[in-house]
Ligand code: G3P
Ligand code: CA
């Protein structure tokens, strides 16, 4: 391994508490209504009652965590309109895929702060385009400060950071784990009871984190493929009873794609019961309101951007026993979750 703290022998994370109300995780903020991963998107999510705000994390040249879904900032900032950065456009191989654009690791934080966020999905979310050019790329420190500022009067706003491309970042001299744990510890967060979940699609990175912190860890997985650092076993192997038992040795829960629990209108899988049997919680991703993201039976007409019955989608999965969920529309998520909670 090229990086990080020594591996420790995994001990099981504390078992999930029984039947706490499902949590609502604002996916990249209220990203259905504001450009993703901006303080405006996170603030709206908090105003709408989200329990957790989700920053995906990448590193700058000077090793500062910033909130972006990927280190390629071409599609979510106005970097292409900055002539002073034109020469930094380049092509890189990241997790086996070729990407051409501008990358956070080639910018200092001060340089990144001269850019502004733009809407990733302008065709699906045309109302968000009015905010293009208004908001900065936030740092993790700013996201933490925002959550803490709103954790008042008995309310706790948590953060749900995801390490993006940790193996790639380590390969270019920016290992993430120790830096992240130190920053969270400095914020007062190191225990399973603290309002933080750390998530990753990779495996070794979570295992290293398990040896470094008591914070709850979430193994992300998708309906196809496998982790960038361990393509085998695939995610499919991870959801066998044996695979889930292994995940439970280093993680508190799993973050499966919705299709792994119920693929569209097909019958549900046994993943919720299987994961619970292994002592794991489930926080699937991602509920989005637009037709294109919904099962056929919950769509409203044929226009891809029109909103369908996202509430019904959330209710379906809550009825299957999930313990929380990611959504681009946390306001809707909170309303549905609260109604379901009342009826339990
Ligand atoms: O982290 C949960 C979900 O966000 C995973 O997908 O690609 O949106 O980070 P992604
Ligand atoms: Ca994420």
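From 163, 114, grab the single residue that is more than 16 Å from ligand 2 (Cβ to nearest atom) and either over 18 Å from the mean Cα position of the chain (by Cα) or crowded, with 20+ Cβ neighbours inside 10 Å (or both).
None of the other options fit; the residue is 114.
Is there a residue being touching a strand residue (DSSP E or B) at 6+ places or on another chain (Cβ under 9 Å), modelled with pLDDT of 95 or more, buried (at least 19 other Cβ atoms within 10 Å of the Cβ) and in a loop (DSSP other than H, G, I, E, B) anywhere in region 140-150?
no
Out of the residues in region 121-131 that are surrounded by 15 or more Cβ atoms within 10 Å (Cβ to Cβ) and more than 12 Å from residue 40 (Cβ to Cβ), state the one that is nearest to the chain's Cα centre (by Cα).
Applying the filter and picking the extreme gives 121.
Determine which member of the set 238, 260 is away from ligand 2 (no atom under 16 Å from the Cβ), under 23 Å from the mean Cα position of the chain (by Cα) and under 19 Å from residue 162 (Cβ atoms).
Only one candidate passes the filter, namely 238.
Condition first: surrounded by fewer than 24 Cβ atoms within 10 Å (Cβ to Cβ), away from ligand 1 (no atom under 14 Å from the Cβ) and not in a loop (DSSP other than H, G, I, E, B). Now tell me which residues in region 26-64 satisfy that.
39, 40, 43, 44, 46, 47
Are any of the residues in region 197-208 within 16 Å of ligand 2 (Cβ to nearest atom) and either farther than 21 Å from residue 221 by Cα or assigned to a helix (DSSP H, G or I) (or both)?
Yes, there is a match, as at least one residue in region 197-208 is within 16 Å of ligand 2 (Cβ to nearest atom) and either farther than 21 Å from residue 221 by Cα or assigned to a helix (DSSP H, G or I) (or both).
On the basis of being modelled with pLDDT under 95 and surrounded by 15 or more Cβ atoms within 10 Å (Cβ to Cβ), does residue 13 make the cut?
Yes.
Count, please, the residues in region 77-130 that happen to be in contact with a strand residue (DSSP E or B) (Cβ under 7 Å, 6 or more places away or on another chain), farther than 26 Å from residue 142 by Cα and assigned to a loop (DSSP other than H, G, I, E, B).
Total satisfying the criteria: 2.
The values are calculated or read from the model by the stated rules, or taken from the named source; none is laboratory data. Here the structure is a predicted model, which is why all the values come from computation and not from measurement. Positions of Cβ are backbone-derived with ideal geometry, glycine not excepted, and every protein chain shown enters the neighbour counts.
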